[in-house]
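S.K.: Here you go, one structure.
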Amino acid sequence: MKKRTPVSVIMSKNVITLSSTDDLIRAEKLFKKEHIRHIPVVSGTEIKGMLSYTDLLRISFADAIDQDETDVDTVVYNMFTIEQVMAKNLVTVSSSATIKEVAEILSKKEFHALPVVDNGSLVGIVTTTDLIYYLLEQF
């Protein structure tokens, strides 16, 4: 295993994002359609927050809805904005951070995704799943 491998090797580069003006209905649809658990909230290329599927589950019954259903109980979603639900005080890493550094951060924190930011712009996202796949490739 290479000790200085940058996170850019394992991060997702084509990141699905939301704007703070999007609604939680759109977020829920993206989580289910794209089979993802974290969506950065951006203004242009600048990251403003991170919305996780867990954040959405805390305020709704999204997990109780069949994946094939398109009707969502919009009453709960209309009570909150993305900005109210998203995490705002984010830890970020640069694309040159090592995979080891990222693993250390994720192992000590209670979140499972890190935005990758270079020069103030979102360039990717790395998750605990990305780390697990990387480790599996080493064996």
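The values are calculated or read from the model by the stated rules, or taken from the named source; none is laboratory data. Computed from a predicted structure; not experimentally measured. In this analysis, Cβ positions are derived from the backbone assuming ideal geometry, glycine residues included, and neighbour counts consider all displayed protein chains.
S.K.: How many residues does the stretch 31-57 contain that are in contact with an Asp or Glu (Cβ under 9 Å, 6 or more places away or on another chain), more than 13 Å from Ala113 (Cα to Cα) and either surrounded by fewer than 17 Cβ atoms within 10 Å (Cβ to Cβ) or at pLDDT below 95 (or both)?
M.R.: Final tally of qualifying residues: 2.
S.K.: While we're looking at this one, here's another question. Go through the stretch 72-121 residue by residue and tally those that are out of contact with any Phe, Trp or Tyr (no Cβ under 7 Å at 6 or more places or on another chain) and part of a helix (DSSP H, G or I).
M.R.: 17
For every residue, the table says whether it meets (1) of a type in the set (D, E, K, R); (2) crowded, with 16+ Cβ neighbours inside 10 Å; (3) out of contact with any Cys (no Cβ under 6 Å at 6 or more places or on another chain).
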site: Ser94; (1), (2), (3): no, no, yes
site: Ala97; (1), (2), (3): no, yes, yes
site: Ala103; (1), (2), (3): no, yes, yes
site: Glu110; (1), (2), (3): yes, no, yes
site: Asp118; (1), (2), (3): yes, no, yes
site: Leu122; (1), (2), (3): no, yes, yes
site: Thr127; (1), (2), (3): no, yes, yes
site: Tyr134; (1), (2), (3): no, yes, yes
site: Gln138; (1), (2), (3): no, no, yes
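S.K.: While we're on this one: So if I check each of Thr98, Thr129, which one is out of contact with any helix residue (DSSP H, G or I) (no Cβ under 9 Å at 6 or more places or on another chain), more than 17 Å from Ser20 (Cβ to Cβ) and hydroxyl-bearing (Ser, Thr, Tyr)? Talk me through it step by step, then tell me what you get.
M.R.: Numbers: Thr98 fails: out of contact with any helix residue (DSSP H, G or I) (no Cβ under 9 Å at 6 or more places or on another chain).
None of the other options fit; the residue is Thr129.
S.K.: Could you please let me know if Val93 is more than 16 Å from Thr17 (Cα to Cα), out of contact with any Lys or Arg (no Cβ under 9 Å at 6 or more places or on another chain) and in contact (Cβ under 8 Å) with a residue 60 or more places away in the chain? Don't jump to the end; show me each part of the working.
M.R.: Details: more than 16 Å from Thr17 (Cα to Cα): yes; out of contact with any Lys or Arg (no Cβ under 9 Å at 6 or more places or on another chain): yes; in contact (Cβ under 8 Å) with a residue 60 or more places away in the chain: yes.
So Val93 passes the test.
S.K.: To continue, here is another question. Do we have any residue at all in the stretch 37-45 that's assigned to a loop (DSSP other than H, G, I, E, B), on the phi < 0 side of the Ramachandran plot and of a type in the set (A, V, I, L, M)?
M.R.: Residues of the stretch 37-45 that are assigned to a loop (DSSP other than H, G, I, E, B), as a first pass: 37, 44-45.
Applying the additional criterion that residues be on the phi < 0 side of the Ramachandran plot yields 37, 45.
Filter once more, keeping what is of a type in the set (A, V, I, L, M): none.
The answer is no; no qualifying residue exists.
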